[in-house]
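Structure record follows, encoded as structure tokens.
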Amino acid sequence: MPEIAVRQALKQGLEEALENDPRVFMMGEDIGEYGGAYAVTDGFLKKFGPERIKDTPISEQAFVGAGIGAAAAGLRPIVEFMSISFSLVAFDQIVNMAANLRYMSGGRISVPMVIRAPTGAGVQLAATHSHSFETWLAEVPGLKVVCPSNPYDALGLMRSAIKDDNLVFVAEPALLYGARGEVPDEYYEVEIGKANVVRSGTDITLVSYGYGMRSVNTAADVLQQRGVSAEVIDLRSLSPLDLDTVLGSIRKTNRAVVVDSARRKGGVMAELAADLQQLASEWLDGPIMRVGSEDVPWPYNRGLEQAALTDADDVLNAVAEGYGL
Amino acid sequence: MASRTKPREKSSSTDAKPAKNGKSVVSGRGNTGVNAATDYIELFRQMYLIREFELACGENYSKGLIRGFLHLYIGQEATGVGAISTLRADDYIVSHYRDHGHALARGLDVNRSMAELFGRATGLSKGKGGSMHLFDAAKGFMGGHAIVAGQLPLAAGLALAQQYQKTDALTMCFFGDGSTNQGVYHETLNLAAVWKLPVLFFLENNMYGMGSSIERVRAGGIDFYPGMATYGIPAAEVDGMDVLAVKEATEYAVDRIRKGDGPQFIEAKTFRFTGHSLADGQKYRGQEEVKKWEQRDPIATFPEKLIKMGLASSAKIEAVKAEVSKQIALAVKFAEDSPEPDISELFTDVFA
């Protein structure tokens, strides 16, 4: 199998859709002439032309809303935020317009649209440019939210997202665009709403997604050296959330640590932990441990930022504290 | 107020319809052919339908059969009816939370519209949307939208699809003066102009955003259309109390959009005779001002004009009124007799 980077996997998914479906087009800031802030759409303008690769003004509300309108009219727009941090000014369109249209119209209007956005901290962009709003959006009924951690899932989820008749928000961990992995030549999709057991184990369940997978994978390696067998689960989809896969794992391991590279407070892991304590209490040998980044604005200084960001040590500490392993 | 259009695109003599002796070519008189008589009576019928519908809504709100917020279109009928009369079936309409008038002018089912306000299963959206969120996608009516100015980029997107699909269909987007102070107003005007989208921005300037008169909350006076020069969007002002003036000004703008000229902007000066919503005691404005506008009530002035022009008899007008009143009574009965939605409906339509 060829090994490619997440960036190329995303690009492949977008390119296929643009080639195969004339209803698919893209909009975003500097996705055309410039080639995209993270070079995912590099070369698209030349290949597909300005009608399908639309550079927008710096007007997130207007171009997200325009995407929603175009989707409501039967097209399949793919809209890019240069950063998920910039999605905040367009939340009214995402939350009030896109997520509600179908329900409020009694099912008469759908919004088959993909919004893509680089997400997360870790590259010293400070407080305004380091957000992880996928955790907020996962709470909104009517939206689907996915977050790949590797090239295989990036391509498979992008294919599913573009085919979906709902708005699917694809949060792309900014630190992982260069992460490489094997992707088969044969066509496949990754189902939205299905978590993936990326590593089988018997002693403890580690759950994360996106950039957080780096920390749990490293922690699992360290635990293995200590003779502790960790089962590692990549949620891949934040909404819908695949509780069953996590519950199945806990039945086997009786221990769980849930890990987010976004801030600890609120968010998907708080939701997951709350459900798990209700549904899995009879199997658990200890408390569900939560790990997340510090509840402070993201600092610029590298040392400060790294101190705030979740890492493998945080995961190992939680494993030790909760279960003495 | 004189009805007039004032296209403001600079250096566009071919675009502009210059005013003659201070009066615009849009006189509001229209033509006087036989077809015109039928068309004009239909315009009156629609305006009267809206008026009666709104009065019935107010009555049933007082009875507690309609809940939530209720914003009535009373006084603004000539604006919506005149504008929408120019559209084709393949055009889209996007509206704001004062949307009943636009929905009825577009021909949405009167019974199902009323049932939606009653929150019943037979409503346009099965009772899930209510007064501020009327939809009928099959008729190109893409909502009632209740976040002020939130509907503007949606309209731009519908127009973008029409442009992408290379049709000459267009999107008509209604919004009020209050929405012009939202940032997305500027964003959308600019985007539509840059991309030459087939969208008609239709400002219903009723002088008040809820309880705030424009003069209190907007720098630069009560006229918005001159500002469109900034975007290079041709703009006109029209008397929103004169249905024929609105129709004619809109026809002109619609024609230009279909020819590929990009977005157009119409500002209709109009007035709501009732409060912002049924909860409004109108402490912020004097009855004198309301009375002044009520003298120009299109429901009274338009039939007078038709009779004077020999296009309708008073018997014909009365017959139309009687027919509409009956239709509204039946709509209320339909809504009242309709079942509440089944609780299972709670979970449908969240996802496709």
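The values are calculated or read from the model by the stated rules, or taken from the named source; none is laboratory data. Please read all numbers here as calculations on a predicted model, not as lab measurements. Here Cβ is always computed from backbone atoms with ideal geometry, including for glycine, and neighbour counts include all displayed protein chains. In case anyone asks, the SASA skips ligands and DNA or RNA and just uses the protein heavy atoms, side chains included. Shrake-Rupley method; radii C 1.70, N 1.55, O 1.52, S 1.80 Å.
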Can you give me the number of residues within region A:73-95 that are in a helix (DSSP H, G or I) and not β-branched (Val, Ile, Thr)? 8
Within region A:129-144, the residues that are among the hydrophobic types (A, V, I, L, M, F, W, C) and within 14 Å of A:ARG264 (Cα to Cα) are A:PHE133, A:TRP136
Do any residues in region A:110-131 that are within 14 Å of another protein chain (Cβ to nearest Cβ) have Cβ atoms under 7 Å from those of residues that are acidic (Asp, Glu), where the two are at least six apart or on different chains, and which pairs are they? A:SER110/A:ASP165; A:PRO112/A:ASP164; A:PRO112/A:ASP165
Looking at B:ALA249, B:ALA268, B:ALA253, which is the one that is in contact with an Asp or Glu (Cβ under 7 Å, 6 or more places away or on another chain) and under 30 Å from B:THR188 (Cα atoms)? B:ALA268
Counting just the residues of region A:180-194 that are of a type outside the set (Lys, Arg) and open to solvent by 20 Å² or more (accessible area, probe 1.4 Å), which one comes out nearest to A:GLY69 (Cα to Cα)? A:ILE192
Within region A:89-103, can you find the residues that are at the interface with another protein chain (Cβ under 7 Å from one of its Cβ atoms) and either surrounded by fewer than 21 Cβ atoms within 10 Å (Cβ to Cβ) or closer than 11 Å to B:VAL350 by Cβ (or both)? A:ASP92, A:ASN96, A:ARG102, A:TYR103
Residue count, region A:224-258, condition touching a residue at least 40 places away in the same chain (Cβ under 8 Å) and on the phi > 0 side of the Ramachandran plot, comes to 1
Looking at this structure, is B:GLY82 away from every other protein chain (no Cβ under 12 Å), part of a helix (DSSP H, G or I) and under 26 Å from B:ALA245 (Cβ atoms)? yes
Could you check region A:22-72 and list, in sequence order, the residues that are closer than 16 Å to B:GLN151 by Cβ and either part of a loop (DSSP other than H, G, I, E, B) or open to solvent by less than 10 Å² (accessible area, probe 1.4 Å) (or both)? A:SER59, A:ALA62, A:PHE63, A:VAL64, A:GLY65, A:ALA66, A:GLY67, A:ILE68, A:GLY69, A:ALA70, A:ALA71
Residue that is surrounded by the fewest Cβ atoms within 10 Å (Cβ to Cβ) [pool: residues in region A:73-83 that are within 7 Å of another protein chain (Cβ to nearest Cβ) and among the small types (Gly, Ala, Ser)]: A:GLY74
Only one of B:GLY183, B:GLY140 is surrounded by fewer than 24 Cβ atoms within 10 Å (Cβ to Cβ) and over 18 Å from B:LEU203 (Cβ atoms); which? B:GLY140
Across region B:147-157, which residue is farthest from the other protein chains (Cβ to nearest Cβ) among those that are aliphatic (A, V, I, L, M) and surrounded by 22 or more Cβ atoms within 10 Å (Cβ to Cβ)? B:ALA149
Condition met for A:GLY106 (buried (at least 23 other Cβ atoms within 10 Å of the Cβ) and free of Cβ contacts under 8 Å to residues at least 24 places away in the same chain): yes
Filter region B:85-96 down to residues that are within 12 Å of chain A (Cβ to nearest Cβ) and out of contact with any helix residue (DSSP H, G or I) (no Cβ under 8 Å at 6 or more places or on another chain) and give me whichever is surrounded by the fewest Cβ atoms within 10 Å (Cβ to Cβ). B:ASP90
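Residues checked against (1) open to solvent by less than 10 Å² (accessible area, probe 1.4 Å); (2) outside the structural domain of A:GLU172 (by TED's automatic domain parsing); (3) under 18 Å from A:ALA126 (Cα atoms):
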{"residue": "A:SER261", "(1), (2), (3)": "no, yes, yes"}
{"residue": "A:LYS265", "(1), (2), (3)": "no, yes, no"}
{"residue": "A:ALA280", "(1), (2), (3)": "yes, yes, no"}
{"residue": "A:ASP285", "(1), (2), (3)": "no, yes, no"}
{"residue": "A:VAL315", "(1), (2), (3)": "yes, yes, no"}
Condition check for B:SER125: of a type in the set (S, T, N, Q), at the interface with another protein chain (Cβ under 10 Å from one of its Cβ atoms), outside any helix (DSSP H, G or I) and closer than 22 Å to B:ALA105 by Cβ: yes
Considering residues that are open to solvent by 40 Å² or more (accessible area, probe 1.4 Å) and assigned to a loop (DSSP other than H, G, I, E, B), the number found within region B:297-340 is 5
Does region B:191-206 include one or more residues that are within 14 Å of chain A (Cβ to nearest Cβ) and open to solvent by 60 Å² or more (accessible area, probe 1.4 Å)? yes
Region A:200-258 - residue that is surrounded by fewer than 18 Cβ atoms within 10 Å (Cβ to Cβ) and within 25 Å of A:ALA121 (Cβ to Cβ) and, of those, farthest from the chain's Cα centre (by Cα): A:VAL222
Where in region A:171-215 are there strands (runs of 3 or more DSSP E), lying wholly inside it, with at least 2 residues that are at pLDDT below 95 and in contact with a Ser or Thr (Cβ under 9 Å, 6 or more places away or on another chain)? none
For residues in region B:158-173 being in contact with a helix residue (DSSP H, G or I) (Cβ under 6 Å, 6 or more places away or on another chain) and more than 9 Å from chain A (Cβ to nearest Cβ), which is surrounded by the fewest Cβ atoms within 10 Å (Cβ to Cβ)? B:ASP168
